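What follows is a set of notes on a single structure, which appears directly below.
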Amino acid sequence: MPNFPIIDAHVHIYDPAAVPFSWMKSVPAIDRAHVIADFDRARGDVVVDAFVFVEVAADPGEHLREARFVSRLADHDPRLGALVVHAPLEKGARVEEDLEAFAGLTRVKGVRRLIQGEADPGFCLEPEFAEGIERLKTFGFSFDICVKSFGLAYGLELARRHPGVAFILDHIGKPDIRRGLMEPWRGQIRALAALPNVTVKLSGVITETHPDRRALADFRPYVLEVIDAFGFDRVMFGGDWPVSELTHRYGQWVAALDAILADASQADLRKLYRESAQRAYRL
């Protein structure tokens, strides 16, 4: 366990009584309020002195309500240092109205529009979506790319087409660890790392392993590949709580990284657990 407080770059806070999330009906294990007090219990002995909220796919049209709900929480807990909110970027230039509303909220630093759930992940390369992405520059918002491995090529192309936007790849691009596949994920990670406007979250990794194994030996190569490609300067820790609770406890992920990175220097660990997130989300 790090001997200093960490920053978690990927935490979900929500309350279905305040904002509807219909998709959770199919995942009853997490279909209840998960608020900051719950996070504090779940993290156990891991000291977290700042964290980043990431949107939770609220029902269509509810994204502003979600952002306002979490922004009010941030007003009362300074550890909630940044918000990554949903914005319907496919609206093109019309999304500016949403972005203006976000600009008036506490600590909104970035936007995420989920790509992973789309039947055609290529929708993020359509002209209207591209116009929406370009509008982020006006407000200084970053964009979190969340794709499954088969859609990573589209995330890569998105980052290439918009060099003036800061991109953050969630969950290391969700490689197919379950089947032990490294390609084409590895090549795409290397291509993303070659783009100076991209950073990556070391998060959601155990979730992608085989449910009968969850073995460190299975995901270790993927963790090391990401760090080798991006360097500690552009890799940040993310817990992905409470989605993580479906497969493992919070401390288990930290312990796994402890084992994988046993030879890393204190300076590099501070980059992973603190400094990369501070830069990416302007904390």
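Packing around the peptides 70-83, 19-32, taken as the average count of other Cβ atoms within 10 Å per residue, puts them in this order, highest first: 70-83, 19-32.
A simple packing score, the average count of other Cβ atoms within 10 Å per residue, orders the peptides 172-180, 225-233, 5-13 as 5-13, 172-180, 225-233, with the highest score first. For Cα pairs less than 8 Å apart in space and 6+ apart in sequence, what is the mean separation divided by the residue count of segment 163-283, i.e. the relative contact order in percent? Dividing the mean separation by the residue count of segment 163-283 yields 27 percent.
In terms of surrounding Cβ atoms within a 10 Å radius of their Cβ, Asp144, Asp40 rank from fewest to most as Asp40, Asp144. Counted by neighbouring Cβ atoms within 10 Å, the residues Tyr250, Tyr154 run from fewest to most as Tyr154, Tyr250. For the pair segment 258-283 / segment 1-49, the C-alpha centres are spaced 21 Å from each other. Summed over qualifying helices (DSSP H, 4 residues or more, each -39500 (n - 2.57)) and divided by its residue number, the chain shows a 222 nm mean residue ellipticity of -10000 deg cm²/dmol. For segment 1-17, the residues whose backbone nitrogen is under 12 Å from a point 7 Å from the Cα of Gln278, taken along Cα to Cβ, are 5-7.
Pairs of Lys residues in the chain, spaced 8 or more positions apart or belonging to different chains, with C-alpha separations under 25 angstrom: 16 in total.
Segment 157-259: D in µm²/s via Stokes-Einstein (Kirkwood Rh, Cα pairs, 20 °C, 1.002 mPa s)? Stokes-Einstein gives a translational diffusion coefficient of 153 µm²/s.
Each of Lys109, Lys201 was scored by other Cβ atoms within 10 Å of its Cβ. Listed from fewest to most, they are Lys109, Lys201. Computed over every Cα-Cα pair of the chain and binned at 5 Å starting from 0, the pair-distance distribution P(r) comes out as 1, 6, 13, 18, 20, 19, 14, 8, 2, 0 percent.
Any read-out appearing in this document is the output of simple, stated calculations on the displayed coordinates, not a laboratory observation. Every value quoted in this text rests on a predicted model; they were computed, and no experiment measured them. Positions of Cβ are generated from backbone atoms using ideal geometry, with glycine treated the same way; all protein chains shown enter the neighbour counts.
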